[in-house]
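Shown next, in structure tokens, is the structure this report addresses.
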Amino acid sequence: MARKSPEIRIFLDSNVIISGLLSDKGAPRIILDLLCLNLPNLRGLTGRYNLIEVERNLQRKLPLALPVFQNYFPRLNLEIVPLPAPVELEPWAGVTAEKDIPVIVSAINGKADFLITGDHKDFGGLKSDKKIPCKIVTPTEFVNLVGGLLGGVV
């Protein structure tokens, strides 16, 4: 009898969602396309905080892309992690940029295995932080790992 593969939970930072929407090439788009396949052992997540950031950035910088996002987003079938409570953010003060603390806490609250971000500046130094229970990777790093993680499904 075949053993069911464990679910891999991936948390998408705002920049991954935006990059994947704006380009039909590259690792962010590959990740979004994988999520659209609804593979049984791959679960996508993002935070309410991230969605607010995505919509704000699209409205401000790329208003014509907002309808594309609103049409495409439901296909991703992402689990939305609620906004963290202020008390949940406090222990992380000073660890990274204040604007990124809700992202880390949301990934942790969502029990993500991977936090996927293109933000090298603010998240790069956290890759080896043992207090963060998920692995922080770039979109390219995740795509390079995903074949083995999904047991050859992709």
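Taken over segment 68-92, the residue count meeting the criterion of being closer than 16 Å to VAL103 by Cβ and either touching a Pro at 6+ places or on another chain (Cβ under 6 Å) or assigned to a helix (DSSP H, G or I) (or both) is 7.
When the residues of segment 77-123 are filtered to those that are of a type in the set (A, V, I, L, M, F, W, C) and touching a strand residue (DSSP E or B) at 6+ places or on another chain (Cβ under 6 Å), the one that is modelled with the lowest pLDDT is PHE123.
Please work out which residue is modelled with the lowest pLDDT, limiting yourself to segment 125-154 and to residues that are among the β-branched types (Val, Ile, Thr) and part of a strand (DSSP E or B). Residue satisfying both the conditions and the ranking: ILE136.
Beta carbons closer than 8 Å, at least 6 apart along the sequence or on distinct chains, pair a first residue in segment 29-48 that is of a type in the set (D, E, K, R) with a second that is surrounded by fewer than 20 Cβ atoms within 10 Å (Cβ to Cβ) and assigned to a helix (DSSP H, G or I) for ARG29/SER19.
To keep it simple, each residue is scored yes or no on (1) hydrophobic (A, V, I, L, M, F, W, C); (2) within 12 Å of the chain's Cα centre (by Cα).
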residue: PHE69; (1), (2): yes, no
residue: LEU76; (1), (2): yes, yes
residue: PRO86; (1), (2): no, no
residue: PRO91; (1), (2): no, no
residue: ILE101; (1), (2): yes, no
residue: LYS135; (1), (2): no, yes
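State which residue is surrounded by the fewest Cβ atoms within 10 Å (Cβ to Cβ) when the search covers only segment 59-118 and only residues that are charged (D, E, K, R) and in contact with a helix residue (DSSP H, G or I) (Cβ under 6 Å, 6 or more places away or on another chain). So the residue we want is ARG75.
The values are calculated or read from the model by the stated rules, or taken from the named source; none is laboratory data. Quantities reported herein were computed from a predicted structural model and do not represent experimental measurements. Every residue, glycine as well, gets a Cβ built from its backbone with ideal geometry; the counts of neighbours run over all protein chains shown.
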